[in-house]
Amino acid sequence: MRIDKKSIEKFNDSLLVSHQQKFSFAKQTIPNAEAIIQKLIDFNVAIPSWALGTGGTRFGRFSAAGEPGTLEQKMEDVGLLHALNNASGAISLHIPWDIPSDYNAIKKLAADLHLKFDAVNSNTFQDQKGQALSYKYGSLQNTNKDIRKQAIAHNIEVIKHGNALGSKALTVWLSDGSSFPGQLNFRKAFQNTLESLEEIYAALPSDWKVFVEYKAFEPNFYSMTVGDWGQSLLYANKLGPKAYTLVDLGHHLPNANIEQIVALLMMEEKLAGFHFNDSKYGDDDLTVGSIKPYQLFLIFNELVEGMDARGLHHANDLGWMIDASHNIKDPLEDLLQSIEAIMIAYAQALLVDRKALNEAQQNNDVVAAQEILQNTFRTDVRAMVAEARIRAGAALDPLGYFRTNQIRASLVKERGNTIATGL
Ligand code: PSV
Ligand code: MN
């Protein structure tokens, strides 16, 4: 299913008067409004192929109808999102869930939908049907060399698929670790993992990067072999300039100061980018900004400050992606909400008065520093974000369009009771 530009225009027209009132107020009160709008038009967040279907917990999965059953349909879903919000112009594939059967046809479909291929992801956290050796006790860390070799070969195969499609990065997330004290020699597990990663690194095309994603716990509950940003950074530093640390917001222990982690990784030129989501307890994979919107803003505040300090291009120089699971919401509605939350946090971070904040920090004026950040966070930038969308030919209110035009009902009619592959 494709969304017709004319129907978006018609929908926008019905909301235009009220939007223009809000936008003209925002424009009068926000300095540099035009420059901010251009940055919002340029900004894009990749959608993971595995987030287009209903996820589940270990207790059950309540699938909805009309989920994408094929890679092509997953891409069409991302195309729908992108047509509505002009901010979802890339898809991230997970191998072997999304192995393309015809690269050229998939590339053509991507071009038709104005989509790029973001980082490709390897999967050594599950055993696949017919797989010779099991990852039950880990993959790149495994004490058995043949298992490590199999996992290395899989990662190299993922690079080949990604390269054929035009991806430029491999994301490695390992479930490797241990669930009981004594199960693992930590040093040997680290060394095996490093040696395995070195072989994968050597297979990267010259213009590729490898992103090492860390996670504090789950599925292993005593130790994770890439358990935090320190460990990931160790691997990235030892591997070389093409290796970076990837931050998934749900992969920290409670109350971790993620904005500080981000600032320091950027300082070290080792921040790969993000898997955005939100959480209350652990890797809850909830809608971005649904639980801790202020934390999201604080992260973007550090990002904008750090990217500007290093002269980075906001839209292109870091990897922006969502990694979420939708257990009770329609996945597409959830993703629209997540992107909106990201755009709002980014817009607010662009508004921060950096000069005043610097001064407050320099003078140890704690009260002023807090006022600057909180006043900015409390500024309503929704009309700015909507204006950026309108100017790019997308929907003023993407979720409103999705509901008014009953997009899910059309997908169910078209696809039937399909269930997406993935987790
Ligand atoms: C692991 O929890 C993770 O965050 C990794 O990014 C995986 O690739 C993804 O979720 C899907 O399982
Ligand atoms: Mn992730």
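Just a few scattered comments:
- Residues that are in contact with a strand residue (DSSP E or B) (Cβ under 6 Å, 6 or more places away or on another chain) and touching a residue at least 24 places away in the same chain (Cβ under 8 Å) were ranked within the range 230-244; the one that is surrounded by the most Cβ atoms within 10 Å (Cβ to Cβ) is A236.
- Qualifying residue in the range 309-317 (condition: surrounded by fewer than 17 Cβ atoms within 10 Å (Cβ to Cβ), outside any loop (DSSP other than H, G, I, E, B), away from ligand 1 (no atom under 16 Å from the Cβ) and not polar (S, T, N, Q)): yes
- Only one of the numbered conditions (1) within 18 Å of the chain's Cα centre (by Cα); (2) in contact (Cβ under 8 Å) with a residue 60 or more places away in the chain; (3) part of a helix (DSSP H, G or I) is not met by N12, and that is (1).
- Note on the range 156-188: residues that are part of a helix (DSSP H, G or I), closer than 13 Å to T143 by Cα and in contact with a Leu (Cβ under 9 Å, 6 or more places away or on another chain) total 0.
- Extreme residue, surrounded by the most Cβ atoms within 10 Å (Cβ to Cβ), among residues of the range 391-423 that are under 26 Å from the mean Cα position of the chain (by Cα) and of a type in the set (K, R): R408
- Just one residue in the set A356, A347 is within 16 Å of I30 (Cβ to Cβ), of a type in the set (G, A, S) and surrounded by fewer than 19 Cβ atoms within 10 Å (Cβ to Cβ); that residue is A356.
- The range 97-136, residues that are surrounded by fewer than 16 Cβ atoms within 10 Å (Cβ to Cβ) and under 17 Å from L174 (Cβ atoms): F125, Q126, D127, Q128, Q131, L133, S134, K136
- Selection count, the range 234-273, where residues are more than 16 Å from ligand 1 (Cβ to nearest atom) and on the phi > 0 side of the Ramachandran plot: 3
- Every condition in (1) modelled with pLDDT under 95; (2) under 24 Å from the mean Cα position of the chain (by Cα); (3) more than 16 Å from ligand 1 (Cβ to nearest atom) is met by G55 except one, and the failing one is (3).
The values are calculated or read from the model by the stated rules, or taken from the named source; none is laboratory data. Keep in mind it's a predicted model, so treat the numbers as computed, not measured. Every residue, glycine as well, gets a Cβ built from its backbone with ideal geometry; the counts of neighbours run over all protein chains shown.
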